[in-house]
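A short worksheet on the structure shown next.
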Amino acid sequence: RKRRQLGRLRVQHSRSRWETKADRNLAVGLTEVRRIVGALALSNTIRDQACHLFRQAQEENLLLGRSIEAFAAAAVYATCRCNDLPIGMGEVGKSARVNRDRVDNAYTVMNRELGLPAAVQSPSQYIPQFATELDVPDQIRRVAADLAKRATVAGLHNGRNPAGLAAACLYEAAQPFERNLSQRALGECADVSAMTIRNRWRELQNLDA
């Protein structure tokens with residue numbers, strides 16, 4: 001009986017912390033935004049902007065019937081996009097409490113309804129990050145960066161996952177140096193399949209054709 005009584009008191013105390021359900025949702029969402037920002041080691045500026053974006057989404061009633069956690073993750077991803085940071089959906093999704101599809105859907109809604117000024121990401125942005133994670137020598141990194149720029153000028157990035165194309169550039173750049181850089185390892189780093197890298201790599205073969 002005492003345990004049940006204590007349980008009811010805890011519920012009442014929890015409910016009394018917020019005047020409305022909207023206040024509660026906001027508190028939960030902002031806490032989740034801060035957690036994801038911390039997990040990704042992003043700056044306080046990104047944190048504040050993502051929190052502001054989450055508030056905007058709530059004010060526009062975009063959260064009705066949708067996951068608070070998904071919109072929190074989407075707010076972080078959208079903020080990274082708007083600040084031209086090479087943080088992919090997969091990377092944010094790994095830190096989210098919901099699956100990637102729900103985060104992707106939340107971002108699509110947010111982008112459509114709020115008209116986000118999201119920058120178009122280029123493959124070149126991902127080269128330094130992937131090269132560091134895979135301990136790629138500077139010589140290969142420079143060749144891959146040049147290749148990514150040429151691919152962008154040629155329009156190979158249009159309609160393509162920039163992270164996948166960046167990984168393919170690193171794979172191609174490593175070939176003359178006989179560096180053991182597998183498509184599987186690159187795919188795990190870029191959060192794309194080995195097949196995606198293989199397809200982008202084949203397209204790079206015709207870059208100068």
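Remarks
- Carbon/sulfur fraction of accessible area - the range 59-209, other protein chains in place, 1.4 Å, %: 44 percent
- The chain: calculated mean residue ellipticity at 222 nm from DSSP helix runs of at least 4, using -39500 (n - 2.57): -21500 deg cm²/dmol
- Taking the C-alpha atoms of the range 48-198, convex hull volume expressed per residue in Å³: 112 Å³
- Using only the C-alpha atoms, the convex hull of the range 13-100 corresponds to 97 Å³ per residue.
- Partners of LYS149 within straight-line reach, counting lysines whose Cα lies under 16 Å from its Cα and excluding those fewer than 8 residues away in the same chain: none found.
- Summing Cβ point charges (Lys, Arg +1; Asp, Glu -1) relative to the Cα centre of the chain gives a dipole of roughly 1580 debye.
- The range 40-157 - accessible surface per residue (Å², probe 1.4 Å): 49 Å²
- For MET195, net neighbour charge (Lys/Arg +1, Asp/Glu -1) across residues whose Cβ lies under 14 Å away: +2
- Simple point charges give the picture: +1 on the Cβ of Lys and Arg, -1 on the Cβ of Asp and Glu, and for the range 150-209 a dipole about the Cα centre of about 80 debye.
- Rounded to the nearest 20 debye, the dipole magnitude of the range 93-209 is 220 debye, with +1 charges on Lys and Arg beta carbons, -1 on Asp and Glu beta carbons, and the Cα centre as origin.
- Note on the range 120-167: along the principal axes its Cα atoms extend 29, 16, 12 Å, ordered by decreasing extent.
- Cα convex hull of the range 127-209 - mean projected area over all directions, nm²: 4.7 nm²
- Charge-dipole axis of the chain as Lys and Arg at +1 and Asp and Glu at -1 on Cβ define it, positive-most pick from LEU116, HIS157, ALA72: ALA72
The values are calculated or read from the model by the stated rules, or taken from the named source; none is laboratory data. Just so it is clear, the model here is predicted, and its values are computed rather than measured. As a convention, Cβ positions derive from the backbone with ideal geometry for all residues, glycine included, and neighbour counts pool all protein chains shown. To get the accessible areas, we keep the full protein, side chains included, count just its heavy atoms, and leave off ligands, DNA and RNA. Shrake-Rupley method; radii C 1.70, N 1.55, O 1.52, S 1.80 Å.
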